[in-house]
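Heads up: the structure comes next, in structure tokens.
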Amino acid sequence: MSSSSNTGAHVIGIDVGGTKILGSVVDPSDWTVNTTIKRPTPVGDALLLSDAIGDVVDELMQTHGSPSAVGVGVPGLVDHDGIFHYGPNVQGVLGLDMTSDLHQRFGLDVMAFNDGTAAAVAEHRLGAAVGHDNAIIVAQGTGIAGGLVVGGSVVTGAHGFAGEPGHMLIAAAPNGSGDGHLCACGRVGCWEAVSSGAGLANIARGRAEKGRGTAIVELAGGVVADIRGEHVAEAMALGDNEAAAVFDEFATWVARGLASLVALLDPSIIVLGGGLTQINDFFIDKVRDRYDSYTVGAGHRPVILIVPAQLGVEAGSIGAALMAHERFS
Ligand SMILES: [Zn+2]
């Protein structure tokens, strides 16, 4: 398995998302990112996904040479051996060995990790959660990636599957407005179905079906089914009141999920990252606003920091690189 013949000074980190594959060349002396590229995630086929990840590695190797290792962050259930069992946002990819294809194609040392766990490692070691031994990292993109730091260590679970808060069933309260939103995993009531990029669109669509949100529907080309999170953000930027109401409901759901995680884990900090936090700056303030009313004993416990991620959308790829580096060195 050794690749000492082509060992480089850098590490490649890959973050496989529901819509894009992000690849970063990272310097292990200080974990700064030299280059990041983004390519679309192919849909519905394990081999296509494996090839696309390989092509991202290949492209980065063309410009930077061979890395010492490759770490791949995967959106879903990936075990300690790098087998990707299931990911709701990359349907059709079941039981894919994330490491052997890349190893065979390039002769590199490769390891795969849960994407949220990778982001948590990066934020805990290098970013917003430095100095916090108990931290929750939630990255909101197409879905929700999560990572848990407990007692100074990142929790991976018995099988590698820990840190999937997006599929906590919190949003199907009787008569609650979260009722009826279908998650990518096929269940109704998942946190992700009301608190991710897809969740933002779900809320807007639900309201549009009741005749609300004309400006949002127009931005989606007049088709309710085509509403995406970006359309809500766009309408919000134009000062649309209905978009503000969508964000309001969205922030409420996000706060409910965070309050549940706090009840379980008692962290000192919550880090919010992922593409979604970037489209709307005031969103974290709104979540902070709501969070207290859902947290058990909120007035009788220390303030828990809720902060934006420091490493931005590259947290997952940096973390995957860091974990792979440590695994193989
Ligand atoms: Zn789900």
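The values are calculated or read from the model by the stated rules, or taken from the named source; none is laboratory data. Just so it is clear, the model here is predicted, and its values are computed rather than measured. Quick reminder, even Gly has a Cβ in these numbers, built from the backbone with ideal geometry, and neighbours come from all protein chains shown.
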How many residues of region 133-165 are in contact (Cβ under 8 Å) with a residue 12 or more places away in the chain and assigned to a strand (DSSP E or B)? The answer is 14
Can you tell me which of (1) more than 30 Å from ALA9 (Cβ to Cβ); (2) over 17 Å from the mean Cα position of the chain (by Cα) is the one PRO308 doesn't meet?
(2)
Given (1) touching a residue at least 60 places away in the same chain (Cβ under 8 Å); (2) touching a helix residue (DSSP H, G or I) at 6+ places or on another chain (Cβ under 6 Å); (3) loosely packed, with under 15 Cβ neighbours inside 10 Å; (4) not hydrophobic (A, V, I, L, M, F, W, C), where does ASP292 come up short, assuming only one miss?
(1)
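Let's see how each residue does on (1) surrounded by fewer than 24 Cβ atoms within 10 Å (Cβ to Cβ); (2) in contact with a Leu (Cβ under 9 Å, 6 or more places away or on another chain); (3) aliphatic (A, V, I, L, M); (4) in the same structural domain as GLY95 (by TED's automatic domain parsing):
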| position | (1), (2), (3), (4) |
| --- | --- |
| ILE136 | no, yes, yes, no |
| GLN140 | no, yes, no, no |
| GLY146 | no, yes, no, no |
| PHE161 | yes, yes, no, no |
| MET168 | yes, yes, yes, no |
Region 183-213, residues that are within 9 Å of the ligand (Cβ to nearest atom) and either without any contact (Cβ under 8 Å) to a residue 12 or more places away in the chain or in a helix (DSSP H, G or I) (or both):
GLU192, ALA193
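One line per residue, one yes/no per condition, for (1) in contact with a Leu (Cβ under 9 Å, 6 or more places away or on another chain); (2) under 25 Å from SER29 (Cβ atoms):
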| residue | (1), (2) |
| --- | --- |
| GLU59 | no, yes |
| PRO75 | no, no |
| ASN89 | no, no |
| ASP97 | no, no |
| ASP101 | yes, no |
| ASP109 | no, yes |
| ASN114 | yes, no |
It is to be established whether one or more residues within region 105-127 are within 23 Å of SER68 (Cβ to Cβ), hydrophobic (A, V, I, L, M, F, W, C), without any contact (Cβ under 8 Å) to a residue 60 or more places away in the chain and assigned to a helix (DSSP H, G or I).
yes
